[in-house]
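> Following this message is one structure expressed as structure tokens.
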Amino acid sequence: MRMSAKEFNVAVAGASGYAGAEVVRLLAGHPGLRMGDLAAHSQAGLSVAQAMPHLAGVAGERTLCEIDVTRLARHDAVVLALPHGASGEIANGLSTVNPDIVIVDAGADFRLASASDWQRWYGGHHAGTWTYGLPELPLASGGSQRSNLVGATRIAGPGCNASAVALGLSPLVNLVDTSQTAVTLVVGTSGAGKSSRPDLTFSRMSGGAHPYSVGNAHRHIPEIMQSLRTSGAKDPHLSVSAVLVPMTRGILAVCTAPSQCSTETLMGRLHEVYDNEPLIHVTDTHPDTHDVVGSALVHITAAGDLDNGLATVIVALDNLVKGTAGAVIQSLNLALGLPETQGLPMVGLNP
């Protein structure tokens with residue numbers, strides 16, 4: 001485990017995207033991580049103030065540099081906030097130049113243990129499997145994924161939707177039938193990334209709800225099933241349907257599975273697993289995305305429907321903080337021997 005009083009220099013590759021910019025925002029207020037090079041592809045050469053005006057007050061004078069492996073490798077850690085399939089080559093280059101560097105990939109390239117799952121859901125070459133960056137994920141053997149992240153040097157940041165579902169269902173794998181799980185994801189538009197698309201225009205999004213990846217089509221399905229197996233589920237299967245709604249940030253995951261457990265039993269288990277987790281709030285009220293936007297917190301509740309033999313678990317989180325950039329910072333803290341929640345926003349932006 002790395003323990004040091006110094007600040008660690010952290011570079012961000014893909015800094016001008018939504019995830020990368022959110023990592024930059026969190027680095028700007030972090031007492032133990034120093035903002036290093038901010039690298040980009042198409043926007044390299046622009047100032048941060050030009051490319052990301054909301055960061056003008058903390059890094060506006062900086063210039064986005066090209067993604068250069070030799071230059072990035074001079075840092076203590078690098079965050080890769082790149083499109084899926086783009087991290088493998090850069091990660092290999094960084095490892096060759098500086099084998100001791102800490103790398104966190106915010107994309108999907110290193111999340112899946114199965115090469116066949118990667119090829120089916122993403123296509124192309126499977127880059128490998130890194131330590132999964134969801135510290136609170138319960139392990140079947142006891143404890144949590146946190147223990148595997150302490151001192152790790154290669155970390156795969158989790159998917160935002162996958163985090164919401166896994167954190168809701170994983171503590172309950174012995175209380176619900178995860179072989180027959182249905183999930184509805186209500187998600188904000190930033191989850192679709194920064195690239196312009198006709199279906200994300202104001203005219204299309206305003207005042208409407210837009211289903212996508214319905215049934216067995218969402219790319220986070222194999223990641224969720226992998227997490228459930230990690231937590232002890234024997235043969236998990238789930239159907240996921242996502243609905244894009246006109247909000248910028250947020251995920252509300254509604255997960256339903258067969259169960260004969262009461263609300264008290266389900267909630268008791270969630271409290272048992274999460275009451276000592278600083279970023280997870282088990283609540284008796286229905287989670288609301290308004291309460292978590294801008295924060296690294298997750299709100300979770302559960303209800304047992306004994307008449308119909310069903311359990312419903314509801315999870316709310318900010319897809320760009322706890323769902324992506326916040327998970328990156330949390331994992332970096334653990335890898336570098338810093339306090340786990342250091343630099344993470346603990347208060348939501350409601351209203």
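The values are calculated or read from the model by the stated rules, or taken from the named source; none is laboratory data. These figures come from a predicted structure and were not determined experimentally. Positions of Cβ are generated from backbone atoms using ideal geometry, with glycine treated the same way; all protein chains shown enter the neighbour counts. These accessible areas exclude ligands, DNA and RNA; they are computed on the full protein's heavy atoms, side chains included. Shrake-Rupley method; radii C 1.70, N 1.55, O 1.52, S 1.80 Å.
> Among Ile155, Ser179, Thr312, flag the residue with its Cα farthest along the positive direction of the charge dipole of the chain, charges on Cβ as +1 for Lys/Arg and -1 for Asp/Glu.
Ile155
> Report, by chain and number, residues whose modeled amide H sits under 5 Å from the one on Phe8, excluding near sequence neighbours (fewer than 5 apart, same chain).
Leu33, Arg34
> Another one. Charges only on Cβ, +1 for Lys and Arg, -1 for Asp and Glu: so what's the dipole of region 104-211 about the Cα centre, in debye to the nearest 20? Please list the in-between numbers first.
Details: 7 positive and 6 negative charges, 49 e Å.
Using only the charged Cβ atoms, the result is roughly 240 debye.
> Okay, moving on. Assign unit charges at the C-beta atoms only (+1 for Lys and Arg, -1 for Asp and Glu), then state the dipole size of region 226-316 relative to its Cα centre in Debye, rounded to the nearest 20.
Using Cβ point charges on Lys, Arg, Asp and Glu, region 226-316 gives about 380 debye.
> Right, next: Label point 7 Å out from Arg120 along Cα-to-Cβ: which residues of region 218-250 have amide N under 17 Å?
Flagged as within label range: 218-230, 234-241.
> Mind checking Rg over Rh on the chain, alpha carbons, Kirkwood formula for Rh? Spell out each step's value before the answer.
Working: Rg = 19.5 Å, Rh = 20.4 Å.
The Rg/Rh ratio comes out at 0.96.
> Additional query: Against the 2.2 N^0.38 Å scaling, with N counting residues, where does region 204-336 land? I'd like the Cα-based Rg ratio to two decimal places. Intermediate values should be presented prior to the final figure.
On the way: Rg = 15.8 Å, N = 133, 2.2 N^0.38 = 14.1 Å.
It is 1.12.
> I've got another one for you. For the chain, set up a GNM with springs between Cα atoms under 10 Å and report which of Gly45, Gly142, Gly294 has the largest fluctuation.
Ranking Gly45, Gly142, Gly294 by mean-square fluctuation puts Gly142 first.
> Another question, if that's okay. Taking the mean number of other Cβ atoms within 10 Å as a proxy for protection, how do you rank 220-226, 234-240 from highest to lowest?
On the way: 220-226: 23.6, 234-240: 16.9.
Per-residue Cβ counts within 10 Å, averaged per peptide and sorted highest first, yield 220-226, 234-240.
> Positive end of the charge dipole of region 1-85 (Lys, Arg +1 and Asp, Glu -1 on Cβ, about the Cα centre): tell me which of Leu80, Leu27, Val69 has its Cα farthest that way.
Leu27
> OK, next. Once the whole set of protein chains is in place, how much accessible area is left on Thr184, using a 1.4 Å probe, in Å² to the nearest 10?
About 60 Å², rounded to the nearest 10.
> If you place +1 on the Cβ of every Lys and Arg and -1 on the Cβ of every Asp and Glu, how big does the dipole about the Cα centre of the chain come out, in debye to the nearest 20?
Working: 20 positive and 28 negative charges, 149 e Å.
The calculation lands at about 720 debye.
> Here's something else I'd like to know. I'd like to check one number: the per residue accessible area of region 27-133, probe 1.4 Å, reported in Å² as a whole number. Could the numbers behind the result be given before it?
On the way: 4700 Å² over 107 residues.
Solvent-accessible surface per residue comes out at 44 Å².
> Same structure again: Given H placed on each backbone N at 1.01 Å, which residues far from Ile103 in sequence or on other chains put an amide H within less than 5 Å of it?
HN-HN under 5 Å from Ile103: Val78, Arg154, Ile155.
> Now for a separate question. Give me the number: length gained by fully extending Arg34 to Ala303, i.e. 0.36 nm times residue separation minus the C-alpha to C-alpha distance, one decimal in nm. Mind dumping the intermediate values first?
On the way: separation 269, 0.36 × 269 = 96.84 nm, distance 4.31 nm.
Full extension from Arg34 to Ala303 adds 92.5 nm.
> If you take every residue apart from Pro138 with its C-beta less than 14 Å away from the C-beta of Pro138, what net charge results, scoring Lys and Arg +1 and Asp and Glu -1?
Working: positive: Arg146, Arg229, Arg269; negative: Glu136, Glu272, Asp275, Glu277.
Result for the local shell: -1.
> I've got another one for you. Under 17 Å Cα to Cα from Lys322, which aspartates and glutamates show up? Leave out anything in the same chain fewer than 8 places away.
Filter leaves Glu22, Asp105, Glu136, Glu223, Glu277, Asp288, Asp291, Glu340.
> In addition: How are the C-alpha pair distances of region 137-266 spread across 10 Å bins, as whole percents from the shortest bin up?
Distribution as computed: 12, 38, 30, 16, 3 percent.
> Return one whole number: the accessible area per residue of region 233-351 in Å², for a 1.4 Å probe.
The answer is 39 Å² per residue.
> A follow-up question, please. Return the distance in nm (one decimal) between the two label points of a simple spin-label model at Asp100 and Lys6, each offset 7 Å from Cα along Cα→Cβ.
It is 0.9 nm.
> Search the structure for amide H atoms under 5 Å from the amide H of His281, placed 1.01 Å from N in the peptide plane, and list their residues when 5 or more places away or on another chain.
HN-HN under 5 Å from His281: Val298, His299, Ile300.
> What accessible area, in Å² to the nearest ten, does a 1.4 Å probe give for Thr230?
50
> Here is a further query. Counting only protein heavy atoms, what percent of the accessible surface of region 85-135 is carbon or sulfur at a 1.4 Å probe? It would help to have the intermediate numbers written out before the result.
Working: 940 of 2030 Å².
Ligands and nucleic acids excluded, carbon and sulfur reach 46 percent.
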